[in-house]
1. Using only protein heavy atoms and a 1.4 Å probe, report how much of D51 is accessible, in Å² to the nearest 10.
2. Could you tell me the accessible area of I7 in Å² (1.4 Å probe, neighbours in place), rounded to the nearest ten?
3. Strictly over 24 Å apart at the Cα level, which of K66/K113; K38/K139; K66/K139; K113/K152; K47/K152 would you flag in this model?
4. Hey, can you grab everything whose amide H is under 5 Å from the amide H of D136? Only 5+ residues off in sequence or another chain; H modelled, so Pro and N-termini drop out.
5. Would you rank H119, H102 by solvent-accessible area, highest first, keeping every protein chain in place and using a 1.4 Å probe?
6. How fast does the range 53-152 diffuse by Stokes-Einstein, in µm²/s, taking the Kirkwood radius from C-alpha pairs at 20 °C and 1.002 mPa s?
7. For the pair L98/T69, report the inter-label distance in nm, with labels modelled 7 Å from Cα in the Cβ direction.
8. Compute the separation of the alpha-carbon centres of the range 77-110 and the range 118-155 and state it in Å as a whole number.
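The values are calculated or read from the model by the stated rules, or taken from the named source; none is laboratory data. Since the structure is predicted, the reported quantities are computational estimates derived from the model, not experimental observations. Cβ placement follows ideal geometry from the backbone for every residue including glycine, while neighbour counts extend to all protein chains displayed. Areas reflect the complete protein model, heavy atoms only, side chains present, ligands, DNA and RNA absent. Shrake-Rupley method; radii C 1.70, N 1.55, O 1.52, S 1.80 Å.
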Amino acid sequence: MKKLLFIGGAVLLLFIVLVVLQNISQNKQLADNKLYDKEDLHPETVKQLSDKNYQNVIMPDALEKKLSTESDVVVYFFSPTCPACQQSTAPLMEAAELEGVHIDQYNLLEYEKGWEDYHIEATPTIVYFKDGEEVDRLKGVGDVTAFQTFLKQTK
């Protein structure tokens with residue numbers, strides 16, 4: 001019986017240590033957060049903070065401001081928990097670099113109001129706004145070539 005209690009206590013202690021280490025790691029990443037205007041980020045968003053493919057995050061107010069000035073904007077609506085987004089982001093960002101197009105990234109997991117505000121039905125969705133008005137959108141997974149074709153119209 002004592003042996004069983006000892007093993008149970010050791011497992012519990014190990015679990016507590018792992019949770020504490022995870023929290024310390026997440027807090028360090030959040031302390032370095034320069035992309036989001038809030039601190040209570042979803043763990044999947046925290047994982048993307050240092051990913052080079054997710055460095056063009058735009059806040060909802062900043063996007064509204066861009067659109068109100070009738071700017072031309074390409075917005076990638078994504079969720080860090082979306083497998084299709086995880087598959088599409090790298091080719092999309094590569095296509096954007098090849099075409100010389102800046103893409104603003106709107107995180108729908110953190111800013112859920114975007115689903116309604118921009119009539120997003122699924123992620124990933126890329127929307128091209130010209131003079132502040134939506135011109136075209138592309139939904140779903142794509143490769144570099146498909147994204148390049150879509151982005152060519154934004155020039």
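1. For D51, the solvent-accessible surface is approximately 60 Å².
2. Surface open to solvent at I7 totals about 90 Å².
3. Checking Cα-Cα distances, K38/K139; K113/K152; K47/K152 exceed 24 Å.
4. Residues meeting the amide H criterion: Y128.
5. Putting H119, H102 in descending order of accessible area: H119, H102.
6. Result for D is 161 µm²/s.
7. For L98 paired with T69, the spin-label model returns 3.1 nm.
8. If we compute the Cα centre of each part, the gap is 10 Å.
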